[in-house]
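The values are calculated or read from the model by the stated rules, or taken from the named source; none is laboratory data. Since we're looking at a predicted model, the values are computed, not measured. So basically every Cβ, Gly included, is an ideal-geometry build from the backbone, and we count neighbours across all protein chains shown. Just so you know, the surface numbers come from the protein's heavy atoms only, side chains and all, with ligands and any DNA or RNA stripped out. Shrake-Rupley method; radii C 1.70, N 1.55, O 1.52, S 1.80 Å.
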Amino acid sequence: MRYISTRGGIQAIPFKDAVMMGLATDGGLLLPESYPAITPEEISSWRGLSYPELAFRIISRFVTDIPADDLRALIDRSYAGFDHPEVTPVVHKDGVWILELFHGVTLAFKDVALQFLGNLFEYILAERGERLNIVGATSGDTGSAAIHGVRGKKGINIFILHPHGKTSPVQALQMTTVTDVNVHNIAIRGTFDDCQDMVKALFNDLEFKEKYSLGAVNSINWARVLAQVVYYFYAWLRVTEGGGQQVYFSVPTGNFGDIFAGYVARRMGLPIARLLLATNENNILTRFINDGDYSLAKVVSTVSPSMDIQLASNFERYLFHLYSGDPARVRGAFAELREKGRIAFSAAEMEQVRRDFCSQTVDQAQTIETIGKFHKETGYLLDPHTAVGVRAALELLPADAARVCLATAHPAKFGEAVERAIGAPAPVPPAVAALEGLPTRCEVMEADLERVREFVVSNVG
Ligand SMILES: *Cc1c(COP(=O)(O)O)cnc(C)c1O
């Protein structure tokens, strides 16, 4: 299996090179040349497999340059630290299925991918005798999960930019209390998009990228999307145990990485009726799907901050497929976006988009209301991101179908919103309580690319 760029400017490369490249050197995103097709019989034969075993069956189709035993060991190690034996259990509540993706060390779904990516990096670097400096932007959850994925690992430094004061207190603590020498937290006075723009600029400076061996860890890394494909299969197998049926997935969406993994699962043959793309007020993707309007707006801060994003980086991967794999059209679309602040789509393209996705925006008042109502009716506490997806699923998806809502974070991570919704503090798990009062380390700076560059240079060692 080889990997190509959405912008068409690189030779096809094997998996390990794709992992190390992160963002493609032509500015595009890496994708497999084709998707392995899984037959319905084969999917059925996977019933009853443990999560790591299922992960191996799926991931190995995309990874042909790591020996099977090594890959199996990497996968086993990545999921051994989860606090639930099923890794991503599914529970049935009030007519919807909740796919709990928050049983990893930072209590958010990003651990599923970033524990795997951290182990992959360590494996490839050791094999090649190389070093890596990870630079990434986060609205909160990616950073903490990435930091925990690589803390203390040999040959790796990590620099994580987050918008100062715009993450939840628990997220900030999960990052800044990691004081391992290879971990560097940078708090930027600006938005998540400012952080992401600066990270992109560093990666687009090829000389700099080369000289300092920069690697990516945001959802632009293909290995992350790949790891997330697994839980769509896992959940599908669980909710269809009583017999085959239509399965919908509702995905609270920010950078389009999680939902793109669902799209990949569907292309591989997993019978997903449709993917519901749920957004908060930062709803460029909902406007796109429902009205064909892909035009940039200002970022608004909400109670679901991991979705406070306008330019969803992984959307480019979907565009590549929508344009039938024509990189010239992808380049054209981004040129149009730069010049006009929007991309226009044909009627035929929009028909295709609506076969793949449906979408709904859930505003902050509705989010809070949903957390409160769901808790009252079922006793189950949703985090605000998950609540966006649950509300959208209840309103938009047929009640007689299996509706799987991705629970992307533990409610304790966003305690303030939860308290507003239920009028009492969210229960604090011991792992979170233990962070209070620990020593922290973090560098605060303006959204100034040169300052960030200097800081990286002076800390790579
Ligand atoms: C990152 C994140 C999202 C959005 O996921 P994307 O892959 O960026 O679309 C949603 N909820 C939570 C809790 C997150 O951390």
Quickly run through segment 1-31 and pick out the residues that are in contact (Cβ under 8 Å) with a residue 40 or more places away in the chain, of a type outside the set (Val, Ile, Thr) and under 17 Å from Ser60 (Cβ atoms). Met1, Tyr3, Pro14, Phe15, Lys16, Ala18
Note on segment 169-187: residues β-branched (Val, Ile, Thr) and either under 21 Å from Ile156 (Cβ atoms) or over 21 Å from the mean Cα position of the chain (by Cα) (or both) are Thr176, Thr177, Val178, Thr179, Val181, Val183, Ile186
So, in segment 263-282, of the ones that are touching an Asp or Glu at 6+ places or on another chain (Cβ under 9 Å) and in contact (Cβ under 8 Å) with a residue 60 or more places away in the chain, which residue ends up surrounded by the most Cβ atoms within 10 Å (Cβ to Cβ)? Asn280
The listed residue being more than 22 Å from Cys405 (Cβ to Cβ), under 19 Å from the mean Cα position of the chain (by Cα) and away from the ligand (no atom under 16 Å from the Cβ), out of Phe345, Phe334, Phe320: Phe320
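If I filter segment 17-48 down to residues being touching a Lys or Arg at 6+ places or on another chain (Cβ under 7 Å) and either open to solvent by less than 10 Å² (accessible area, probe 1.4 Å) or more than 23 Å from Asn255 (Cα to Cα) (or both), which single residue comes out as modelled with the lowest pLDDT?
In the first step, residues of segment 17-48 are kept if they are touching a Lys or Arg at 6+ places or on another chain (Cβ under 7 Å); the result is 24, 26-29, 31, 33, 35-36, 46.
Subsequent filtering for residues that are either open to solvent by less than 10 Å² (accessible area, probe 1.4 Å) or more than 23 Å from Asn255 (Cα to Cα) (or both) retains 24, 28-29, 31, 36, 46.
Working: Ala24: 89, Gly28: 94, Leu29: 95, Leu31: 98, Pro36: 98, Trp46: 97.
Step by step, filter segment 17-48, then rank; the result is Ala24.
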Tell me, yes or no, whether segment 50-71 has at least one residue that is within 16 Å of the ligand (Cβ to nearest atom) and of a type in the set (Phe, Trp, Tyr). no
Does segment 135-151 hold any residues that are part of a loop (DSSP other than H, G, I, E, B) and either at pLDDT below 90 or within 12 Å of the ligand (Cβ to nearest atom) (or both), and which are they? Thr138, Ser139, Gly140
Taking Gly165, is it closer than 20 Å to Leu435 by Cβ and either modelled with pLDDT under 95 or surrounded by fewer than 19 Cβ atoms within 10 Å (Cβ to Cβ) (or both)? yes
Would you check if there is a residue in segment 448-458 being surrounded by 15 or more Cβ atoms within 10 Å (Cβ to Cβ) and within 16 Å of the ligand (Cβ to nearest atom)? no
Inspect segment 60-74 for any residue being surrounded by 22 or more Cβ atoms within 10 Å (Cβ to Cβ), at pLDDT 95 or above and within 18 Å of Leu237 (Cβ to Cβ) and give the result as yes or no. no
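Yes or no: segment 15-27 includes at least one residue that is of a type in the set (Ser, Thr, Tyr) and under 23 Å from Ile147 (Cβ atoms). Walk me through how you get there before you give the answer.
Just the residues of segment 15-27 that are of a type in the set (Ser, Thr, Tyr), to begin with: 25.
This time we only want the ones that are under 23 Å from Ile147 (Cβ atoms), so: none.
Within segment 15-27 (the criterion being of a type in the set (Ser, Thr, Tyr) and under 23 Å from Ile147 (Cβ atoms)), the answer is no, since none of the residues qualifies.
Being crowded, with 24+ Cβ neighbours inside 10 Å and either within 16 Å of Arg441 (Cβ to Cβ) or out of contact with any strand residue (DSSP E or B) (no Cβ under 7 Å at 6 or more places or on another chain) (or both) is true for just one of Ile134, Ile147. Which residue is that?
On the way: Ile134 fails: either within 16 Å of Arg441 (Cβ to Cβ) or out of contact with any strand residue (DSSP E or B) (no Cβ under 7 Å at 6 or more places or on another chain) (or both).
Just a single option satisfies the conditions, and that option is Ile147.
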Among the residues of segment 211-234, is any more than 28 Å from Asp448 (Cβ to Cβ), in a helix (DSSP H, G or I), open to solvent by 10 Å² or more (accessible area, probe 1.4 Å) and touching a residue at least 24 places away in the same chain (Cβ under 8 Å)? yes
Give the residue that is farthest from Asp111 (Cα to Cα), with candidates limited to residues of segment 160-209 that are free of Cβ contacts under 8 Å to residues at least 24 places away in the same chain and not in a helix (DSSP H, G or I). Asp205
Go through the residues of segment 85-107 one by one and say whether even a single one is part of a loop (DSSP other than H, G, I, E, B), within 15 Å of the chain's Cα centre (by Cα) and aromatic (Phe, Trp, Tyr). yes
Given Val230, Val247, Val239, Val303, which one is β-branched (Val, Ile, Thr) and within 14 Å of the ligand (Cβ to nearest atom)? Val303
Test set (1) in contact (Cβ under 8 Å) with a residue 40 or more places away in the chain; (2) under 30 Å from Gly27 (Cβ atoms) - Glu349 fails condition number: (1)
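Is it fair to say Thr191 is open to solvent by 10 Å² or more (accessible area, probe 1.4 Å) and within 24 Å of Pro252 (Cβ to Cβ)?
yes
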